[in-house]
Amino acid sequence: AQSVAQPEDQVNVAEGNPLTVKCTYSVSGNPYLFWYVQYPNRGLQFLLKYITGDNLVKGSYGFEAEFNKSQTSFHLKKPSALVSDSALYFCAVSRYSGNTPLVFGKGTRLSVIA
Amino acid sequence: EAEVAQSPRYKITEKSQAVAFWCDPISGHATLYWYRQILGQGPELLVQFQDESVVDDSQLPKDRFSAERLKGVDSTLKIQPAELGDSAMYLCASSSRDFPTPAQFFGPGTRLTVL
């Protein structure tokens, strides 16, 4: 079975500083990896996905993620954090290509301090 | 920009009552998912539809939950009877037929509180 671990419940960063939200995964075969963001009382918004190819994936709102197969990690990054980036971030994995359900981590709350 | 629609946004009910949630996916999206998100956790799949057919309902508590997508467009998720442990956010998502692995797009969710 596939699984995702987000080791940090909370990440605090000062506005303008780089941010990293960590994610590690476990899946047999090739992983299909996703990042979503959730604002209070809202659904999840898609940020980016890794299917194959370049290990650095660029997504929405200036976010990017780095796929590292040897470390089974898919960390979310942004060079300069904004206060408006404060939200709950979820990493997710699918074992198969195509339309298959996602398995989500428990989420990491990002707080960007002005 | 096309969005997934869900209603109601909030529902408060008493235990043993019946509740129903509605989802309208993005136009043209053949795959529809219902997820449940308990506070402090990530979403977990309840049921997946491909057009009008159920693809995966292995995690759906079938003694009390039912889901349908009769015409392969909008979908309804029902709980009867509701229990205290059903309090959660119910999220609907849809995805297209893009190759190889399309992203899932989520609606705003229905927050259910069972008293």
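List for region A:19-58: residues with 10 Å² or greater reduction in accessible area, all protein chains versus chain alone, probe 1.4 Å?
A:Phe34, A:Tyr36, A:Gln38, A:Asn41, A:Arg42, A:Gly43, A:Leu44, A:Phe46, A:Lys49, A:Ile51
Of A:Lys49/B:Lys71; A:Lys22/A:Lys69; A:Lys49/A:Lys78; A:Lys49/A:Lys69, which ones are farther than 24 Å apart at the Cα?
Long pairs (Cα-Cα over 24 Å): A:Lys49/B:Lys71.
Under a plain spin-label model, where a point goes 7 Å from the Cα along Cα-to-Cβ, how far apart in nm are B:Glu83 and A:Ser60?
That separation, rounded to one decimal, is 3.5 nm.
When the accessible area of region B:14-110 is computed with all protein chains present and a 1.4 Å probe, what percentage of it is carbon and sulfur?
Details: 2210 of 4500 Å².
Taking all protein chains in place, region B:14-110 shows 49 percent carbon and sulfur surface.
By its C-alpha gyration tensor, with a ≥ b ≥ c as the square roots of the eigenvalues, how is the protein assembly as shown shaped: rounded for a/c under 1.5, else prolate for a/b larger than b/c, else oblate?
Details: a/c = 1.90, a/b = 1.44, b/c = 1.32.
Verdict is prolate for the protein assembly as shown.
Rounded to the nearest 100 Å², what is the sum over both chains of accessible area buried where A meets B, with a probe of 1.4 Å?
Details: alone 6240 and 6650 Å², together 11100 Å².
Interface area, both chains combined: 1800 Å², rounded to the nearest 100.
Using the crude model of +1 on Lys and Arg Cβ and -1 on Asp and Glu Cβ, and no other charge, please compute the dipole size for the protein assembly as shown relative to its Cα centre, in debye to 20. Please report the intermediate quantities before stating the final value.
Working: 21 positive and 22 negative charges, 47 e Å.
Dipole of the protein assembly as shown, to the nearest 20 debye: 220 debye.
With a 1.4 Å probe and every protein chain left in place, work out the accessible area per residue of the protein assembly as shown in Å², rounded to a whole number.
Working: 11100 Å² over 229 residues.
Each residue of the protein assembly as shown exposes 48 Å² on average to a 1.4 Å probe.
Using the Karplus curve 6.51 cos²θ - 1.76 cosθ + 1.60 with θ = phi - 60°, work out ³J(HN,Hα) for each residue of region A:15-30 in order, rounded to whole Hz, and write x for Gly and Pro.
In residue order, the calculated couplings are 4, x, 7, x, 10, 9, 10, 8, 8, 10, 9, 9, 7, 7, x, 6 Hz.
Amide H to amide H under 5 Å from A:Ala81: which residues, 5+ apart in sequence or cross-chain, H placed 1.01 Å off N in plane?
Here A:Gly16, A:Asn17, A:Leu19 satisfy the definition.
A drop of at least 10 square angstrom in accessible area, chain alone versus all protein chains together, probe 1.4 Å. Which residues of region A:69-114 meet that?
Residues losing area: A:Phe90, A:Ser97, A:Gly98, A:Asn99, A:Thr100, A:Pro101, A:Leu102, A:Phe104, A:Lys106.
Evaluate the distance, in nm, between pseudo-label points positioned 7 Å from the Cα of B:Ala30 and of A:Ala114 along their respective Cα→Cβ axes.
For the pair B:Ala30/A:Ala114, the computed spacing is 4.9 nm.
What's the carbon and sulfur percent of region A:3-113's accessible surface, probe 1.4 angstrom, rounded to a whole number? Kindly include the intermediate steps, with their values, before the conclusion.
Numbers: 2460 of 5050 Å².
Carbon with sulfur: 49 percent of the solvent-accessible area.
Along each of its three principal axes, how wide is the spread of alpha-carbon positions in region A:3-113, in whole angstrom units, largest first?
For region A:3-113, the Cα extents along the three principal axes come out at 39, 29, 23 Å.
The values are calculated or read from the model by the stated rules, or taken from the named source; none is laboratory data. This is a predicted model, so every value here is computed, not measured. Cβ coordinates were reconstructed from backbone atoms using ideal geometry, including for glycine residues, and neighbour counts include every protein chain displayed. Ligands, DNA and RNA are excluded from the accessible area calculation, which covers all protein heavy atoms including side chains. Shrake-Rupley method; radii C 1.70, N 1.55, O 1.52, S 1.80 Å.
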